[in-house]
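Reviewing the structure listed below.
The values are calculated or read from the model by the stated rules, or taken from the named source; none is laboratory data. What you see is a predicted model, and the numbers here were worked out from it, not measured in a lab. As a convention, Cβ positions derive from the backbone with ideal geometry for all residues, glycine included, and neighbour counts pool all protein chains shown.
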Amino acid sequence: MEITRIKIIPLKEKKQAYYKRTNDLLIAFASIVFDDVIILHGIKMIEGENKQLIIEMPKHKMKNGMVKDVYHFLNSEFRKQIKQQLFDFYYKNVA
């Protein structure tokens, strides 16, 4: 699978949100298109305490209160590749 399009919706500084238990900062939301046939919306782009870069997949809250990922990667190498492409695009075109 190849990423054919990336859309980043940056959060303005006033709208950026810190996670309650950490100093991680939500900086943007992303959508990615694979092979011009499928789109994945709602990816959170997070900057960690030590400027580490994190992506968080969309989640869904179940009726019983549990939270589950809507999508998740089965291959860690592919996840690293996606994360790198998203943040490269963000820092080249948005930040």
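Structure above, values below:
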read-out: Exclusive hit being modelled with pLDDT under 90, in contact with a strand residue (DSSP E or B) (Cβ under 9 Å, 6 or more places away or on another chain), within 23 Å of residue 93 (Cα to Cα) and not acidic (Asp, Glu), set 27, 6, 39; value: 27
read-out: Strands (runs of 3 or more DSSP E) within the range 38-95 that include 1 or more residues basic (Lys, Arg) and farther than 15 Å from residue 9 by Cβ; value: 59-61, 67-69
read-out: Selected residue (criterion: modelled with the highest pLDDT) from residues of the range 14-24 that are assigned to a loop (DSSP other than H, G, I, E, B) and of a type outside the set (Phe, Trp, Tyr); value: 24
read-out: Among the residues listed as 67, 33, the single one being touching a Ser or Thr at 6+ places or on another chain (Cβ under 7 Å) and modelled with pLDDT of 85 or more; value: 33
read-out: Condition check for residue 80: of a type in the set (D, E, K, R) and either under 9 Å from the mean Cα position of the chain (by Cα) or under 18 Å from residue 7 (Cβ atoms) (or both); value: no
read-out: The range 53-79, residues that are surrounded by fewer than 10 Cβ atoms within 10 Å (Cβ to Cβ) and within 22 Å of residue 91 (Cβ to Cβ); value: 77
